[in-house]
Amino acid sequence: GAVVSQHPSRVICKSGTSVKIECRSLDFQATTMFWYRQFPKQSLMLMATSNEGSKATYEQGVEKDKFLINHASLTLSTLTVTSAHPEDSSFYICSARNPPRETQYFGPGTRLLVL
Amino acid sequence: ELKVEQNPLFLSMQEGKNYTIYCNYSTTSDRLYWYRQDPGKSLESLFVLLSNGAVKQEGRLMASLDTKARLSTLHITAAVHDLSATYFCAARLMDSNYQLIWGAGTKLIIKP
């Protein structure tokens, strides 16, 4: 099946710093990738849809300037959490669809802890 | 507005028993997905259901879709401990670029 990787898998940072998370589709091209965050014991919350070659589409309530998304190529999307605060601590997951397959494939997730 | 409701949210059962998780969605959708998540891990795709009456089976899991009732079910047959996980259903938001609307998840614990 299609493989999606994320890096890093776990990151601890100080409050006020920025953190970049990479999402790569390893064996297919993904024109669209999705970024989610998940709080403990909760469902996934879609943050934004990342479109290759254009601006990301953010969900209501998600700050564009805080969560910067760049879809630089058909296999790479990055999420940068700027000026991170403890409340940004969460599990961040990306996904991508491998057309024409219907399934969305998920990355292994990145656990962010902001101290 | 598309909403997805799962029930039950928590299920504890004995090995060898059968049970069903239900997933209702509020408006028309043309894709219904089931995923599994183990603690601390990401999501694993189980099934994609595309049409009314679709039924898919993989081992002890069987998923079905009734688009008229806007209902999907995930049936577990003769449960084993390895199936303990959280199961999510998600429906595709129509006229979107495969944006999914997620259920709250069902935490399944299977006791020996």
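The values are calculated or read from the model by the stated rules, or taken from the named source; none is laboratory data. Owing to the predicted nature of the structure, the values given are computational and were not obtained by experimental measurement. With ideal geometry, Cβ positions are generated from the backbone for all residues, glycine too; neighbour counts draw on all protein chains shown. Calculation scope for accessible area: heavy atoms of the full protein, side chains included, ligands and nucleic acids excluded. Shrake-Rupley method; radii C 1.70, N 1.55, O 1.52, S 1.80 Å.
When residue A:70 is tested against (1) assigned to a loop (DSSP other than H, G, I, E, B); (2) away from chain B (no Cβ under 11 Å); (3) open to solvent by 10 Å² or more (accessible area, probe 1.4 Å), just one condition goes unmet, and that condition is (1). Inspect region A:53-63 for any residue being more than 9 Å from every other protein chain (Cβ to nearest Cβ), in contact with a strand residue (DSSP E or B) (Cβ under 9 Å, 6 or more places away or on another chain) and open to solvent by less than 20 Å² (accessible area, probe 1.4 Å) and give the result as yes or no. Taking every residue of region A:53-63 in turn, none turns out to be more than 9 Å from every other protein chain (Cβ to nearest Cβ), in contact with a strand residue (DSSP E or B) (Cβ under 9 Å, 6 or more places away or on another chain) and open to solvent by less than 20 Å² (accessible area, probe 1.4 Å).
Taking residue A:113 as meeting all but one of (1) within 14 Å of another protein chain (Cβ to nearest Cβ); (2) more than 15 Å from residue A:10 (Cα to Cα); (3) hydrophobic (A, V, I, L, M, F, W, C), write down the number of the exception. Exception for residue A:113: condition (2). When you scan region B:46-61, do you find a residue that is among the small types (Gly, Ala, Ser), surrounded by 12 or more Cβ atoms within 10 Å (Cβ to Cβ) and under 26 Å from residue A:93 (Cα atoms), even just one? Checking region B:46-61: not a single residue is among the small types (Gly, Ala, Ser), surrounded by 12 or more Cβ atoms within 10 Å (Cβ to Cβ) and under 26 Å from residue A:93 (Cα atoms). When each of A:83, A:77 is tested for being away from chain B (no Cβ under 13 Å), in contact (Cβ under 8 Å) with a residue 24 or more places away in the chain and part of a loop (DSSP other than H, G, I, E, B), the lone residue that passes is A:83. Being under 24 Å from residue B:34 (Cβ atoms), touching a strand residue (DSSP E or B) at 6+ places or on another chain (Cβ under 8 Å) and open to solvent by less than 80 Å² (accessible area, probe 1.4 Å), is that true of even one residue in region A:10-25? Checked region A:10-25: at least one residue is under 24 Å from residue B:34 (Cβ atoms), touching a strand residue (DSSP E or B) at 6+ places or on another chain (Cβ under 8 Å) and open to solvent by less than 80 Å² (accessible area, probe 1.4 Å). Do you know which of the residues in region B:66-88 that are in a strand (DSSP E or B) and either within 10 Å of another protein chain (Cβ to nearest Cβ) or among the acidic types (Asp, Glu) (or both) is least open to solvent (accessible area, probe 1.4 Å)? Of everything passing the filter in region B:66-88, B:88 is least open to solvent (accessible area, probe 1.4 Å). Entry remark, region B:100-112: residues being in a loop (DSSP other than H, G, I, E, B), on the phi < 0 side of the Ramachandran plot and within 17 Å of the chain's Cα centre (by Cα) number 2 in total. Every condition in (1) open to solvent by 20 Å² or more (accessible area, probe 1.4 Å); (2) away from chain B (no Cβ under 14 Å) is met by residue A:101 except one, and the failing one is (2).
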